[in-house]
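Comments concern the structure below.
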Amino acid sequence: MSQFEDLRVLQEIFGRPGTGPLAGVVVADLSRVLAGPYCTMLLADMGATVIKVESTAGDDARAWVPPHRDGESTFFLSVNRNKHSIALDFADPEQLRVVEQIVARADILVENFKPGGLARYGLDYESVSAWRPDLVYASITGFGTAGGADLPGYDLLAQALSGMMSLTGSQDGEPYRAGVALFDVITGLHAATGILGAFHERQASGAGQHVELNLLTSALSGLVNQSAAYVAGGSVPTRMGNEHPSLYPYEPFPARDKDIVIAVGNNGQFARLCRCLGAPELAEDERFRTVSARNANRVELRRLMIERLAARDAEDWFEQLKAVQVPCAPILGVDEGVRFAEGLGLDPVVLAGSGDREIPTVRHPVEFSRTPVDYTQAPPRLDGDRDRVLAWLQRGRPAVRKAS
């Protein structure tokens, strides 16, 4: 629990049940768009009281439409539930003082301003840590604070500069970006992990620290085996369409009506696949007996598989291959993917908020057996929690104040 806050006061003012593993922890969220807000939403879901400090114009993502729900950007709604919004003009000394009061009451601060952007307000790490040495202060940038400080922190740039786009698309086609801002999300996840690590260490030492992340480093980490192919093996990966550089078969294959993904990771799975296809002899064929042999002879193996897959529809193959534990899947749309998860009993859609403001959102990815997450707060309207935030600031006195 926060060393400053009484959980009962937070519950009374902000209406959260206080059951999550971060109940009583206060987060000053000075981030916007995606990487930072995704991180702080995960913390909020886990019970943290997240004060989303927005400019008077609001988070840029509020204007990113279409698509929208009743005029509100679904982009914004996707990463801002369970937060409390207050809009403040940092250039106004009185309103800046409110920001400072929020920081004085927080355990964690998350920001993704351009490098140096908060220094003019005295809210950069060096300035804040002088009067809040116990604060866990997380900064997210696009490309670090040295040579990349002037580069805009857009996910698409990280996809281009990391090599990700060079790996995505058909072998003879043009590079493609991923269909989602992948490295914003990965950086948000890394930020949440780093923050929790620093917060855990603070419990023992009493000292905060600066947690720094950037999209490019997260991207290179997130490329895992592909970046390792170069740094550890000296091999530069290239686009292979839907194929895998180290495994085969591991891609979509055409069945009678449409494609089905088949993903074979070991020899046992391959043997079961061959039996299901009515060609058990392929598993003993020297061209295909091992992972390396299948990789070397993938063109011929693909031809033989397609001949047999043409006998049935993709859904038929999915049921048959699934029954013998061969990894496979039909290629679904997002709508179908949500319904498929529902059919598995995963309950992917949860309503955030209550009463006349309930917003369908995607479930938090972690389940806790003893300290469950909650979805009591819908994504906030701009400045929608001003009165509650100001009332909270008036209750009690921060243990540390900024020197005047």
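Condition first: free of Cβ contacts under 8 Å to residues at least 12 places away in the same chain and farther than 26 Å from LEU189 by Cβ. Can you find one or more residues in the range 357-369 that meet it?
No; the residues of the range 357-369 include none that is free of Cβ contacts under 8 Å to residues at least 12 places away in the same chain and farther than 26 Å from LEU189 by Cβ.
Within the range 289-315, which residues are charged (D, E, K, R), in contact (Cβ under 8 Å) with a residue 12 or more places away in the chain and either exposed (fewer than 13 other Cβ atoms within 10 Å of the Cβ) or assigned to a helix (DSSP H, G or I) (or both)?
ARG294, ARG298, GLU300, ARG302, ARG308, GLU315, listed by residue number.
Could you say whether any residue in the range 195-204 is in contact with a Ser or Thr (Cβ under 9 Å, 6 or more places away or on another chain), surrounded by fewer than 19 Cβ atoms within 10 Å (Cβ to Cβ) and either under 20 Å from LEU42 (Cα atoms) or not assigned by TED's automatic domain parsing to the domain that holds GLY36 (or both)?
no
Conditions (1) at pLDDT 95 or above; (2) more than 20 Å from VAL79 (Cβ to Cβ); (3) among the hydroxyl-bearing types (Ser, Thr, Tyr), marked per residue:
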| residue | (1), (2), (3) |
| --- | --- |
| ALA310 | yes, yes, no |
| ALA314 | yes, yes, no |
| GLU342 | yes, yes, no |
| TYR375 | yes, no, yes |
| ARG401 | no, yes, no |
| SER404 | no, yes, yes |
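Specify which of the listed residues (ARG81, ARG32, ARG8) is over 18 Å from the mean Cα position of the chain (by Cα) and either crowded, with 22+ Cβ neighbours inside 10 Å or outside any loop (DSSP other than H, G, I, E, B) (or both).
ARG8
Only one residue in PRO245, PRO175 is closer than 30 Å to ASN297 by Cβ and in the same structural domain as ALA106 (by TED's automatic domain parsing). Which one?
Of the residues listed, the single one that is closer than 30 Å to ASN297 by Cβ and in the same structural domain as ALA106 (by TED's automatic domain parsing) is PRO175.
In the range 205-220, what residues are buried (at least 23 other Cβ atoms within 10 Å of the Cβ) and among the polar types (S, T, N, Q)?
Residues satisfying the conditions are ASN214, SER218.
Return the total of residues in the range 347-392 being of a type in the set (A, V, I, L, M), assigned to a helix (DSSP H, G or I) and under 22 Å from PRO37 (Cβ atoms).
Number satisfying all stated conditions: 1.
Would you mind finding the one in ASP124, ASP150 that is among the charged types (D, E, K, R) and either outside the structural domain of ASP59 (by TED's automatic domain parsing) or closer than 26 Å to ARG177 by Cβ (or both)?
Answer to the selection: ASP150.
Quick test of your reading of the structure: ALA341 fulfils all but one of (1) in the same structural domain as GLY265 (by TED's automatic domain parsing); (2) part of a helix (DSSP H, G or I); (3) surrounded by 15 or more Cβ atoms within 10 Å (Cβ to Cβ). Name the failing condition by number.
(1)
Which of the residues belonging to the range 35-78 are in contact with a helix residue (DSSP H, G or I) (Cβ under 8 Å, 6 or more places away or on another chain) and assigned to a strand (DSSP E or B)?
THR49, VAL50, ILE51, LYS52, VAL53, HIS68, ARG69, GLU72, SER73
In the range 357-371, how many are under 17 Å from THR40 (Cα atoms) and either surrounded by 15 or more Cβ atoms within 10 Å (Cβ to Cβ) or touching a strand residue (DSSP E or B) at 6+ places or on another chain (Cβ under 8 Å) (or both)?
Qualifying residue count, the range 357-371: 4.
For the range 63-73, does any single residue satisfy the condition of being crowded, with 23+ Cβ neighbours inside 10 Å, within 22 Å of the chain's Cα centre (by Cα) and assigned by TED's automatic domain parsing to the domain that holds ALA204?
No, that holds for no residue.
One line per residue, one yes/no per condition, for (1) crowded, with 19+ Cβ neighbours inside 10 Å; (2) more than 19 Å from GLY194 (Cβ to Cβ):
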{"residue": "ILE86", "(1), (2)": "yes, yes"}
{"residue": "VAL110", "(1), (2)": "yes, no"}
{"residue": "TRP131", "(1), (2)": "no, yes"}
{"residue": "TYR137", "(1), (2)": "yes, no"}
{"residue": "PHE143", "(1), (2)": "yes, no"}
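Looking at SER170, SER166 in this structure, which one is surrounded by fewer than 20 Cβ atoms within 10 Å (Cβ to Cβ), touching a helix residue (DSSP H, G or I) at 6+ places or on another chain (Cβ under 9 Å) and more than 21 Å from GLY36 (Cα to Cα)?
Testing whether each residue is surrounded by fewer than 20 Cβ atoms within 10 Å (Cβ to Cβ), touching a helix residue (DSSP H, G or I) at 6+ places or on another chain (Cβ under 9 Å) and more than 21 Å from GLY36 (Cα to Cα) leaves just SER166.
Please work out if GLY353 is small (Gly, Ala, Ser) and touching a residue at least 40 places away in the same chain (Cβ under 8 Å).
yes
Which of the residues that make up the range 207-246 are under 25 Å from the mean Cα position of the chain (by Cα), without any contact (Cβ under 8 Å) to a residue 24 or more places away in the chain and assigned to a loop (DSSP other than H, G, I, E, B)?
If the condition is that a residue be under 25 Å from the mean Cα position of the chain (by Cα), without any contact (Cβ under 8 Å) to a residue 24 or more places away in the chain and assigned to a loop (DSSP other than H, G, I, E, B), then VAL224, ASN242, HIS244 are the ones that fit.
Being closer than 27 Å to HIS200 by Cβ, in the same structural domain as ILE140 (by TED's automatic domain parsing), among the aromatic types (Phe, Trp, Tyr) and touching a residue at least 12 places away in the same chain (Cβ under 8 Å), is that true of even one residue in the range 6-22?
Checked against the condition, which is being closer than 27 Å to HIS200 by Cβ, in the same structural domain as ILE140 (by TED's automatic domain parsing), among the aromatic types (Phe, Trp, Tyr) and touching a residue at least 12 places away in the same chain (Cβ under 8 Å), the range 6-22 yields at least one hit.
The values are calculated or read from the model by the stated rules, or taken from the named source; none is laboratory data. Nothing here was measured: the structure is a model prediction, and the numbers come from that model. For neighbour counting, all protein chains shown are included, and Cβ atoms are generated from backbone atoms with ideal geometry for every residue, glycine included.
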